[in-house]
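Shown next, in structure tokens, is the structure this report addresses.
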Amino acid sequence: MTVVISDEPLMSQLFGPVGQLADRIRLHVPHARDGRRWDLTPHPDKAISQRATLLAALADGTSRIHGLADCRDVRANLRALTSLGVGIRATGPATAEITGRTLDGLRGSGLVLDAGNSATTSRLLLAILAGSGADCTVTGNELLRMRPMAEVVQPLRELGADLTELGEPGRLPVRVRGSRLSGGTVNVAVDSAQPVSALLFAGSQASGPVRITRRTPARDHTERLLRWTGVPVTESDTELLVTPGRPRAFEFAVPGDPSGAALLIAMHLASPQAGQELTLRRVGVNPRRTGFLRILRTMGVRVHELPVADEGPEPVADLVVSLPADLTGTEVAGPLLVQSAIDELPLVAALATAATGPTVIRDASEMRDKDTDRIATTVRLLHDFGARAEATADGLVVEPHRPSVPRHISLPSDHRVVFAAFVLALLSGGATELQGVSSAATSHPGALDDLARYVSVDVL
């Protein structure tokens, strides 16, 4: 599935040689296999891997992180940290020891830190560097330079950050001249976890407490990690308060990615094996990340969570999934549900084409500010497969209509939409050619191997 190319020693030691994911594939008719035991493990959580490595870089001592996600975004995270002088040593497959530095120890004069396609890396780096001794520029690839940064830049400036946009206002690249940040109250005006996480990192190293007001609770991995490592964070639905403090060093095993589990579940339900039980091992089941599972239950899917003992800050469980009858249409609405499933909504839309009634997704305007305008690109993908869907201002409506088999589809540069294409290809039940699948490597380079469990894949 991959072509091996050279990579720097740290990445090779952690993950093996970097793979160049195929960009053009041909899929055959999906397998129909009976009697197989479907017992799988999703890839490690990308969002938690990024936050944990950044936290370890600031911690008092040497931390050890097991099961880091191998994907472009995490590699960009680690490259940025090593460029800033953070000591990172591979001690085993996907296991790193990271020796923390004080903010004054993060010094880089004239460095340009490339976050690749990772909005999480870029936004959190801006916050960490803003209170450090560094003078750096944070940038990214063409897609990332189109994404909004104002929701991070403006509140950081209110805390005293010296940030200069070098291109279009509110976009990367941004130059950061680090200095000690002040405490205070700042507001996050979007329904997204990344600005809140950035401000929590900034507040943990500020000269006084930082109060963050927000509209909607989103994923709280940063809050959990900070508390777990001794940094006080209190929260309500509308605000958080972080008290400055240096995190203590830690040892942590990254749980399985809920988004990766969602892809495995969606492909299984779209395949001829949909009637067979699927078990997924050691999945992170943080309630603010499991909206996809709640949506599936409203569509008639049985999902059982079997808790797994874990010493980290995140709840972990084995998932057992079965489909006793046809999928039914549903309504996905409300900021809390939407935020907890924001990355999986293209998968919901793909599955909805095979449901017995319409599916309506509302309150999801944040989808327009992802790697692509994910409302528009998801609807376009559904149309390419002959499905019936319509974009709305803050979501989409999918009418039940089984996908047909297109001869060829060119996919947008958006890993979440690529994953939805895998599901639609399985639902269509026939052979097709997909161009642009290499974007899957943003979060999951092994996605083609997962797809190949259900259908033969030829690399073209």
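The values are calculated or read from the model by the stated rules, or taken from the named source; none is laboratory data. Bear in mind that the values here come from a model prediction, so they are computed numbers and not experimental data. Here Cβ is always computed from backbone atoms with ideal geometry, including for glycine, and neighbour counts include all displayed protein chains.
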Q. From the list 58, 21, 27, which one is crowded, with 19+ Cβ neighbours inside 10 Å and at pLDDT below 80?
A. 21
(Q) Which residue is farthest from the chain's Cα centre (by Cα), if the candidates are limited to region 424-449 and must be under 16 Å from residue 412 (Cβ atoms) and of a type in the set (Val, Ile, Thr)? (A) 437
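Quick one: is residue 112 in contact with a strand residue (DSSP E or B) (Cβ under 9 Å, 6 or more places away or on another chain), more than 21 Å from residue 58 (Cβ to Cβ) and either assigned to a strand (DSSP E or B) or at pLDDT 95 or above (or both)? Give the steps one after another, and end with the answer.
Details: in contact with a strand residue (DSSP E or B) (Cβ under 9 Å, 6 or more places away or on another chain): yes; more than 21 Å from residue 58 (Cβ to Cβ): yes; either assigned to a strand (DSSP E or B) or at pLDDT 95 or above (or both): yes.
Criteria met by residue 112.
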Q: Only residues that are in contact with an Asp or Glu (Cβ under 9 Å, 6 or more places away or on another chain) and assigned to a loop (DSSP other than H, G, I, E, B): list them for region 415-460, please.
A: 436, 443, 444, 445, 446, 460
Q: Only residues that are polar (S, T, N, Q) and farther than 21 Å from residue 83 by Cα: list them for region 112-163, please.
A: 154
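Residue by residue, here is whether (1) over 22 Å from the mean Cα position of the chain (by Cα); (2) buried (at least 24 other Cβ atoms within 10 Å of the Cβ) holds:
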residue: 317; (1), (2): no, no
residue: 327; (1), (2): yes, no
residue: 333; (1), (2): no, no
residue: 341; (1), (2): no, yes
residue: 357; (1), (2): yes, no
residue: 360; (1), (2): yes, no
residue: 365; (1), (2): no, no
residue: 370; (1), (2): no, no
residue: 383; (1), (2): yes, no
Q) Has region 62-78 got any residue that is farther than 28 Å from residue 213 by Cα, at pLDDT 95 or above, more than 22 Å from the chain's Cα centre (by Cα) and not aromatic (Phe, Trp, Tyr)? A) yes
Q) Here are 79, 24: which of them is assigned by TED's automatic domain parsing to the domain that holds residue 180 and either more than 25 Å from residue 456 (Cβ to Cβ) or among the basic types (Lys, Arg) (or both)? A) 79
Q) Which of the residues that make up region 11-58 are over 17 Å from residue 442 (Cα atoms), among the acidic types (Asp, Glu) and not in a strand (DSSP E or B)? A) 34
Q) Are any of the residues in region 89-109 of a type outside the set (Phe, Trp, Tyr) and in contact with a Cys (Cβ under 7 Å, 6 or more places away or on another chain)? A) yes
Q. Just to be sure, is residue 313 touching a residue at least 60 places away in the same chain (Cβ under 8 Å) and either surrounded by fewer than 20 Cβ atoms within 10 Å (Cβ to Cβ) or in contact with a strand residue (DSSP E or B) (Cβ under 9 Å, 6 or more places away or on another chain) (or both)?
A. yes
Q: Report, by residue number, each residue of region 160-174 that is buried (at least 16 other Cβ atoms within 10 Å of the Cβ) and more than 25 Å from the chain's Cα centre (by Cα).
A: 160, 161, 163
Q) Among (1) in contact with a Pro (Cβ under 7 Å, 6 or more places away or on another chain); (2) in contact (Cβ under 8 Å) with a residue 60 or more places away in the chain, where does residue 188 come up short? A) (2)
(Q) If I go through region 225-243 residue by residue, how many of them are buried (at least 17 other Cβ atoms within 10 Å of the Cβ) and in contact with a Leu (Cβ under 9 Å, 6 or more places away or on another chain)? (A) 8
